[in-house]
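Novice: Have a look at this one.
A short reminder: the numbers here are calculations on the coordinates, not readings from a lab. Bear in mind that the values here come from a model prediction, so they are computed numbers and not experimental data. Neighbour counts are summed over all protein chains in view; Cβ atoms, including those assigned to glycine, are modelled from backbone coordinates with ideal geometry.
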Amino acid sequence: MTTEYRVIFDKFIKKLKGDNSFFDYKDLSEEEINEIVHEHLLSLLNRSIDKIYSFGSPDIDFYDKDDENQVFNAVLIPQEISLLSELMYFLYLEEDKNKLKSLGIFFRTSEINVFSPANERKSYLDMIDKEESRILNLLSNYLSRDRETWTFKSVYGGN
């Protein structure tokens, strides 16, 4: 049995309700837009998997997947699907954080304030920091549980 990437992508896209910038590509054909969006989704998914492994070793091999057929070679449990979509969303927000930081390198504060007032940027960055804290809790919770029983793992081996 397998799990299609589409299940995770659909859950992620629902989180982007009012964010038109993810799909905002002017002067491109629908086919080109679909290709760009799909590549972005794949990139976010792969970075999400890398993020999980940077915090520990999950009970399932998330790298055991088929990018050509867009499937994981295992059935992911709902918590894993949710975790991957949440990580994708956080990494997407982190891209904006990096854009804001790069603006600070090239422009003075007064110039940046023309596009985005300081308090608006600070609120947005604070929201991303809160999201990061939430994601770290989700990762910790996931890695500390047995994926089949969803019970906490014991440090002594077994549940």
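Novice: Based on the mean of other Cβ atoms within 10 Å per residue, sort peptides 144-150, 22-28 so the most packed one is first. Walk me through the numbers before you get to the answer.
Specialist: On the way: 144-150: 12.4, 22-28: 10.0.
Peptide ranking by packing, descending: 144-150, 22-28.
Novice: I'd like the FRET efficiency for ASP59 and GLU4, computed as 1/(1 + (r/R0)^6) with the beta carbon distance as r and R0 of 25 Å, rounded to 0.05. Intermediate values should be presented prior to the final figure.
Specialist: Details: r = 21 Å, r/R0 = 0.82.
Step by step, r from the Cβ atoms, then E = 0.75.
Novice: Between ILE36 and LEU138, with labels modelled 7 Å along Cα→Cβ, what's the label distance in nm to one decimal, could you check?
Specialist: The answer from the label model is 2.6 nm.
Novice: Apply 1/(1 + (r/R0)^6) to the Cβ-Cβ distance of VAL155 and SER29, taking R0 = 41 Å, and write down the FRET efficiency to the nearest 0.05. Don't jump to the answer; show the numbers that get you there.
Specialist: On the way: r = 55 Å, r/R0 = 1.34.
The computed FRET efficiency comes out at 0.15.
Novice: On a 22 Å Cα-Cα criterion, which of the cross-link pairs LYS97/LYS130; LYS15/LYS153; LYS26/LYS130; LYS11/LYS153 come out too long?
Specialist: From LYS97/LYS130; LYS15/LYS153; LYS26/LYS130; LYS11/LYS153, over 22 Å: LYS15/LYS153; LYS26/LYS130; LYS11/LYS153.
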